[in-house]
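Colleague: Structure incoming, see below.
The values are calculated or read from the model by the stated rules, or taken from the named source; none is laboratory data. Given the structure is predicted, the values throughout are model-derived calculations rather than measurements. Backbone-built Cβ (ideal geometry, glycine too); neighbour counts: all protein chains shown.
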């Protein structure tokens, strides 16, 4: 069975540009969450979507947005990129909506902002 | 209140040793405490998780000890192997009500198990 898939795996952008990251959850999982992992730190929660509705938002600026599609895949968009946005962006899916269900992470999208 | 403090930052043990990683939290509303293992170039993977109504949970060579009064929990890896070399993250979450989940992660512990 396919796990959580993310694309692209690596990308390089310059300051001020826009980026779209994509995530396909495990089949049957309706909840998708996005986390930012800066080098040497633990993942930080950005968004959670469940059944195409936003269920949680972390402490990130409005430059960050996301959405979930009818097939439960998801996109994370970041506008006006800053150097500090350089990080590994992780998508996680779960069968149930609450964190007490196991989160399955993808391998991430490594974003470098120059 | 929302932080989870993890120590040590890095740890080196010999094969067969028992590394111990500690975490502390402040928010008494947290009700779920998972540990994740992350290898280089991979996403975190759930190892083991505990709820505050039990003091210990074992799964294979991995054990979580939980001290509710001290607001601390720890991961023990019995008979550690070089293949256990990875970064370990503790995390915590609370019941926000409704269909919401959000994990608060610690800063991670880089474990190296020497042969």
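Colleague: Does any residue of the range B:74-85 turn out to be surrounded by 13 or more Cβ atoms within 10 Å (Cβ to Cβ), within 11 Å of chain A (Cβ to nearest Cβ) and touching a residue at least 40 places away in the same chain (Cβ under 8 Å)?
Modeller: no
Colleague: In the range A:24-34, how many are surrounded by 15 or more Cβ atoms within 10 Å (Cβ to Cβ), more than 8 Å from chain B (Cβ to nearest Cβ) and either outside any strand (DSSP E or B) or under 10 Å from the mean Cα position of the chain (by Cα) (or both)?
Modeller: 6
Colleague: Follow-up. Looking only at strands (runs of 3 or more DSSP E) that fall completely inside the range A:53-114, which ones have 2 or more residues that are at pLDDT 95 or above, surrounded by 14 or more Cβ atoms within 10 Å (Cβ to Cβ) and away from chain B (no Cβ under 13 Å)?
Modeller: Result: A:64-68, A:74-78, A:109-113.
Colleague: Same structure, new question: Any chance you could count how many residues in the range B:12-36 are away from chain A (no Cβ under 11 Å) and either crowded, with 19+ Cβ neighbours inside 10 Å or free of Cβ contacts under 8 Å to residues at least 12 places away in the same chain (or both)?
Modeller: 4
Colleague: Among the numbered conditions (1) away from every other protein chain (no Cβ under 14 Å); (2) within 14 Å of residue B:110 (Cα to Cα); (3) surrounded by 15 or more Cβ atoms within 10 Å (Cβ to Cβ), tell me where residue B:64 comes up short.
Modeller: Failed condition: (2).
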